[in-house]
Amino acid sequence: MHHRFVSALEKALGWNGPGLLGTAFVRGTIEDPELLDRLMNPAKLLDLVMRRSLSTPQFRIFQDGSELHPGRYITPSVTRRGQAIPMADMRRVGALMREGCTMVLDEVDFFDPTMEAACRALQWWAHELVQVNTYLTTQDAGGFKLHWDDHDVVIVQLAGHKSWEVRGASRKVPMYRDAAPNSEPSEEIVWQGVMRPGDVMHIPRGFWHQATRADQGDGYSLHATFGIVKRVGVNWLDWLADRSRTKELFRYDLDRWNSPSQWEGQQRLLADAVAGMAAELSPQDFLDARERERRAARHVPATGLFGKPSSVVCITDFEPVIEQHRDTVDVLAAGKKLSFANKAYPALALLLSGHPVEIATAAETTGVDVERLAEILVEEELCTELTPALSSAYTGLVTNGTS
C-alpha cells in the first residue's frame, strides 16, 4: 500500500523504510498543509466528539495539570424511552476550551476512516500495530507532566503551536510491565522547542517528554500521536509458552512432592524441551505467525443484501502473504489460508494490495472473474466493500488499485 502520509513521514524524518523506528530521536517537517488537514483538524475532531457516545478513558479533558471529572463535560442524553446514553456536553466542552484545557481522544482510528486507513498503512509499513490519539490544547493550558511511553511514538503537529521538551531514557528499553520501576526522569535534554504545523518528531520508547502551551498565550494546538508497539523478546517467550500447550510434556503436573531425583529429572526434561522449542521456533517465526494470525479489523461483511459492491479494499491489519505455486495460489492472512487457481494471481495481488479496486475495471485488466474473487475475500473478511465514507479515506491519499 502506497500511502501519501507514509511517504511524507519518511521524507520528513529522512528514513527509507521502518528500520530506524525506535533507534533515536529525530525531527523533521511535512511541507504539505493539505495532507495535514486531510488527516485531522480541530473542527473535524470536535464533530467526532459531538456525534458519538464517548466516555473515559477514551475521551478525557485536563485542566491545570489534572484530569477533570467526566461529570464536568459528559452528560447522559436521555431518549424518550428513558435510556441514558453518555454524550459530550458540547456547551461545557466549549466553555472549558475558552478557559484553556487539553482534550484527549484516544484511538481516533476507531471513529474516523481517514485515520483508520492511515494507521493501516503504517501497520503494513512498520509490521507493527499502530493506534493514533489526538490532543487539542487551547489558550495557555499545559499538557501532561514529564512522562515516558512504553512504545515508540510519531508525533505530527496538525495545527497551532506547542512547546516541547524531550529527554533521554533513564532506563534502557523499559516496559509497561517491567522488573523494576522507571520513575526517575533523565537529566539529558535531547530537544527543546516549539512544534509548528507540519513538524514531526519520533520519540523512542522510554524517552521522557512533556508539552505545554503555557508560554504560547491565546490560541490552540492540535497534534496526533501515532503509537507504534514493537515486539520484544518477552513477547516471543510468551508465544513459545502458548505453543508449549501442544506438547504433552508441558501439560503434566509439576512433581513437587516426588523424590529429589524425580524432581530433577522432570526439570531436566522440561529444560531440554524448552531449549528444543526455542531452537525450532525462532523470533522471526513468531513475528511471521503474528502477522498471519491477526484477525482483520472490524467491518461488516457484505452479504449481497443491498446489492453487489462495485469497489473493495483490503482491510487486514497486516499485508496478506500471497504464495504462488505451480498450479495454485495460497493467501495467508487473518488466521486463514485460502487457496485459488494459479490464474487468479494477478487479480488477488490487486485485490490484496491495500489500494481501492474497482471490480469491473479490474476484471477487464486481469481477464479474471474479479467479482467472484472479491465476494470470497469479503466473506472471509480480508476485504470490505468501499462505502462512501471509507472511499473518502483513500481519495487523494492512496491511488486506485487499477491505476
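Taken together, the values in this text are just the output of simple stated rules run on the coordinates, not laboratory data. Note that the structure is predicted; figures quoted are calculated from it, not measured. Here the Cβ positions follow ideal geometry from the backbone for every residue, glycine too, while neighbour counts run over all protein chains shown.
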- Rounded to two decimals, what is Rg over Rh for region 115-196 when you use alpha-carbon atoms and the Kirkwood radius? 0.99
- Message: Cut-off is 10 Å between beta-carbons; in what order do Glu187, Glu385, Glu264, Glu165 appear when sorted fewest neighbours first?
- Response: Glu187, Glu264, Glu165, Glu385
- Task: Return the ratio Rg/(2.2 N^0.38 Å) for region 189-234, where Rg is computed over Cα atoms only.
- Result: 1.46
- Note on the structure: Given 345-352, 286-293, the highest-first ranking by average Cβ count within 10 Å works out to 345-352, 286-293
- Task: Give the Rg/Rh ratio for region 259-387, taking Rg as the radius of gyration of the Cα atoms and Rh as the Kirkwood radius, to two decimals.
- Result: 1.24
- Sorted by average packing, counted as other Cβ atoms within 10 angstrom per residue and highest first, what order do 79-92, 15-28, 109-122 take? 109-122, 15-28, 79-92
- Message: Given points 7 Å out from each Cα along the Cα-Cβ axis, report the His69 to Ser244 separation in nanometres with one decimal.
- Response: 4.8
- Task: Would you kindly give the portion of the calculated P(r) for region 4-229 that falls above 31 Å, as a percent of all Cα pairs?
- Result: 21
- Query: What lysines could a cross-link reach from Lys230, if we take a straight Cα to Cα line under 23 Å and drop same-chain neighbours fewer than 8 places away?
  - Reply: Lys11, Lys172
- Message: How large is the Kirkwood hydrodynamic radius of region 233-289, counting all unique pairs of alpha carbons, in Å?
- Response: 12.4
- Note on the structure: Ordering 128-139, 250-261 by per-residue average of other C-beta atoms within 10 angstrom, highest first, gives 128-139, 250-261
- Note on the structure: For the chain, the percent of all C-alpha pairs falling in each 20 Å bin, from 0 up to the bin holding the max distance, is 22, 49, 26, 3
- Taking only the Cα positions of region 313-403, the convex hull volume per residue in Å³ is 89
